[in-house]
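Structure first, commentary second.
The values are calculated or read from the model by the stated rules, or taken from the named source; none is laboratory data. These numbers come from a predicted model, not from an experiment. Positions of Cβ are generated from backbone atoms using ideal geometry, with glycine treated the same way; all protein chains shown enter the neighbour counts. Ligands, DNA and RNA are stripped out before the accessible areas are found, and what is left, the full protein with its side chains, is counted by its heavy atoms. Shrake-Rupley method; radii C 1.70, N 1.55, O 1.52, S 1.80 Å.
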Amino acid sequence: MGAWQDGYVIDIPYVAGFHRELAPGYLHLLGVLMGVRPPAVADTEFAYCELGCGRGLGPLLLAAANPHGRFHGYDFNAAQIGQAGRWAEQAGLANVRFGAESFASLAAQGETTPQFDIVVLHGVYSWVSQENRRHIVSFIRNRLKPGGIVYVSYNSMPGWAAFTPVQRLMRELVIRRPGRSDESVVAAREFVSRLASRGARYFSANESVTLYLEQLVDRNASYLAHEFLNEHWEALYHLDVARQMAEARLQYFGSATISDNFVAMSASPEIAAMFAGADVGMAETIKDFSVNRRFRRDLFAREAAPLSGSDFLAALGAVRLMLTVEPEAATTTLTTSAGELQTNLAIAQPVLERLKQGSVGIAELMALPALAGLPSELLAQTLAFFVESGQIHPMREDGAADSAARALNGLLIAEALRDDSVRYLAAPAIGSGVFVAHGEQLVLNAVREHGSENVAAVRDFVWARLKAQNKRLINDGVPIESEADNLAETERRVGNFLDQRLPLLQRLGVIAWA
C-alpha cells in the first residue's frame, strides 16, 4: 500500500484550469452525436462527480452554472480544494461538495457516497499508480448509475513513446535536486535542452522530442511539475484503458474530442481500409498510430440505450445552441484537433447566419429553407465541428441570469485584483465555464466600479492594477516598456473589450451588469 499521495507532486498546487469537455451539457451533446442516450441534464436533477479535481475550479464553476445538478469534487490534497470550498460557501452554492479523499478511501466507502450520472477524470489516470487505477475502477463500478457516462483523459501511446525516456530523465534530475518542484522542473527542462543542443544522439534521432522541448519553454512551471514529475507517470494504450473500464461494466462509445470520432480525420483512405473487420478497440488503436496520438479523451457508458432513427432526431432536435464567440469573429474555417478544417459552406453559412441572430434549436436549423432535405447526419457533423472549434455550445435556455453564478463570478473577479491564476468564470447560459483573461477580469472590476461608458476611468483602473502587480502589456511577443505606451495600449484593449467581448459575456450570463 503506497503513501497517501503515492508519488504525486504535492509541494505546489495544481494550476486552476477548466475544460469545457467536462460540462454536463457538452457531454450530453456528445452522447447524442455518438448515438448513445446520455443522462438527462436539462432542467432536471442529476449527480456529477470529478475525481482528482485539483483546485476544484471545475466543480465550482459547473455547480454555479447548473443549479439542477449536484456536484462532488474529490482530491487527496485538502489544501488544493480548500479555497474552492470557501468560495462555494461565500457564493451560497448549496449544490457542490468537496472532499479530501484518496482513491483508496473513496473505493472503500461503498454505499456511503452517492451514486452518479456522470463521473469525470481529467489529468489523473496517467499520473497515478496501477493500484490507484484499480481503486478508481472500483469506485466507478460501485457508484455509477445504469445509463451513466464516464469521461477519462490520459496521455496515450504511441504519441508519447519518444518522450517517455526524457520524462524519466527529468524526474531523476529533480529527485537529486533539493527545492520546490516548480523550480526544479525548470532546471531539469533546461538541463535536457542543453543535453540536446550539445549533440546527444537520442535527440538527433528523435526530432519530435527536440521540437516538443522547444514548446515547453513557455509552459507554466506548476503545469510542468504536475505533468512530468509524478512517480507513476505512464502513457497508456487505449486498449488497456478500455479493458480496465470494462471491469467497471463500461463500454467505450466515443471521444470527447469530436473530430477524433471521424475516421476520415484520423486516417488516410488507405489506412481506413485496414479497419475492415476490426473491433472497436483495435480500430481506435489503428487511428492512434495513424496520427501518432499523444492524448485521449475517452467516453464510456454503462448500459446506455442506443439512439437510432426517430430517437436520434428527437434527441438532436431538442438541443439548443448559441454562439460563444463575437458574431463578427465567427468563421467557417474551423480549428480542430485534426488541424484546420473548411466546412461545407452550403451548410455552415446558413447555420452561422441564423446563430448570429440569437440562440436556436437544432430542430429549427433542420427546418431552415437553405437546409431543407439535408440528411440530419450531415448537419450534425457540421454542428459538431463548430462545437469543437469553440464557436458554438449547447445551452441552457433558463441559465442567463442565475444568481449563484453571478455571486461566484463576483468573488472570482475580485480575486483578480490580487491573483492572476484563476482565468475562468461561470457561464450559466451554456451550463459551463469560459476563459476570461486576467486583464479582462480587471476590466470587469473597473466596469463594476465606474460603468462601461467611462472608458478613461476603466483604463486608469486597469493600468494601475497591472502596474501594482509589476506587469507590462505585451504586443507581438514583446513587452511594452514605457508607461505612456502601456496606457495607450490599455485604452485600446479596454475599448475593444467593451465593444465586443462585454456583450458576449452578458449573453453568456457571466455578468449581469455593465
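Taking the Cα of ARG86, stepping 7 Å toward and past its beta carbon, and measuring to each backbone N in segment 437-466: which are under 14 Å?
none
Of LEU466, SER268, GLN109, which is farthest on the positive side of the dipole of the chain, counting Cα position, with +1 on Lys and Arg Cβ, -1 on Asp and Glu Cβ, and the Cα centre as origin?
Looking along the dipole axis, the top candidate is GLN109.
Which FRET efficiency, nearest 0.05, do GLU377 and GLU214 yield, Cβ-Cβ r, R0 41 Å?
So, using R0 = 41 Å, E works out to roughly 0.50.
Give the carbon-plus-sulfur fraction of the accessible surface of the chain in %, rounded to a whole number; probe 1.4 Å, heavy atoms of protein chains only.
Answer for the chain is 52 percent, counting heavy atoms of protein chains only.
Using a 1.4 Å probe on the protein heavy atoms only, what accessible surface does TYR151 show? Give it in Å² to the nearest 10.
For TYR151, the solvent-accessible surface is approximately 0 Å².
On a full-extension model of 0.36 nm per residue, what is the gain between GLU326 and ALA278, subtracting their alpha-carbon distance, rounded to one decimal in nm?
Contour length minus the Cα-Cα distance gives 13.0 nm.
Pop a pseudo-label 7 angstrom from the Cα along the beta-carbon direction at both GLN109 and GLN130 and give the gap in nm to one decimal.
2.8
So, R0 is 41 Å and r is the distance between the beta-carbons of ALA79 and GLN500; what FRET efficiency does that work out to, to 0.05?
0.60
Hey, can you find the accessible area per residue of segment 196-339 for me, probe 1.4 Å, expressed in square angstrom?
49
Would you give the gap between the C-alpha center of segment 13-68 and the C-alpha center of segment 240-263, rounded to a whole Å?
Centre-to-centre distance over Cα atoms comes out at 17 Å.
Collect residues whose amide H, placed 1.01 Å from N in the peptide plane, falls under 5 Å from the amide H of TYR424; neighbours closer than 5 in sequence don't count.
Amide H neighbours of TYR424, under 5 Å, 5+ apart: VAL436.
Dipole size in debye (nearest 20) for segment 368-514 around its Cα centre, Lys and Arg Cβ +1, Asp and Glu Cβ -1?
Dipole magnitude for segment 368-514 comes out near 220 debye.
Could you give the length gained by full extension between LEU169 and GLU270, i.e. 0.36 nm per residue of separation minus their alpha carbon distance, to one decimal place?
Contour length minus the Cα-Cα distance gives 32.6 nm.
If each residue of separation counts as 0.36 nm, what is the full-extension length gain between ALA161 and LYS356 once their alpha-carbon separation is subtracted?
Between ALA161 and LYS356, full extension yields 65.8 nm more.
Say each of ARG198 and SER403 gets a label point 7 Å from the Cα, pointing the same way as Cα to Cβ; how far apart are those two points in nm?
6.5
Among SER181, LEU425, ILE286, whose Cα lies farthest out toward the positive end of the dipole of the chain, if unit charges sit on the beta carbon of Lys, Arg (+1) and Asp, Glu (-1)?
Checked the options; the winner is SER181.
Cβ under 13 Å from THR382's Cβ, THR382 left aside: what net charge do those residues give with Lys, Arg +1 and Asp, Glu -1?
With Lys, Arg at +1 and Asp, Glu at -1, the net is -1.
Taking the simple approach of a point 7 Å from Cα along Cα-to-Cβ for both ALA100 and VAL455, what is their distance in nm?
It works out to 4.9 nm between the two label points.
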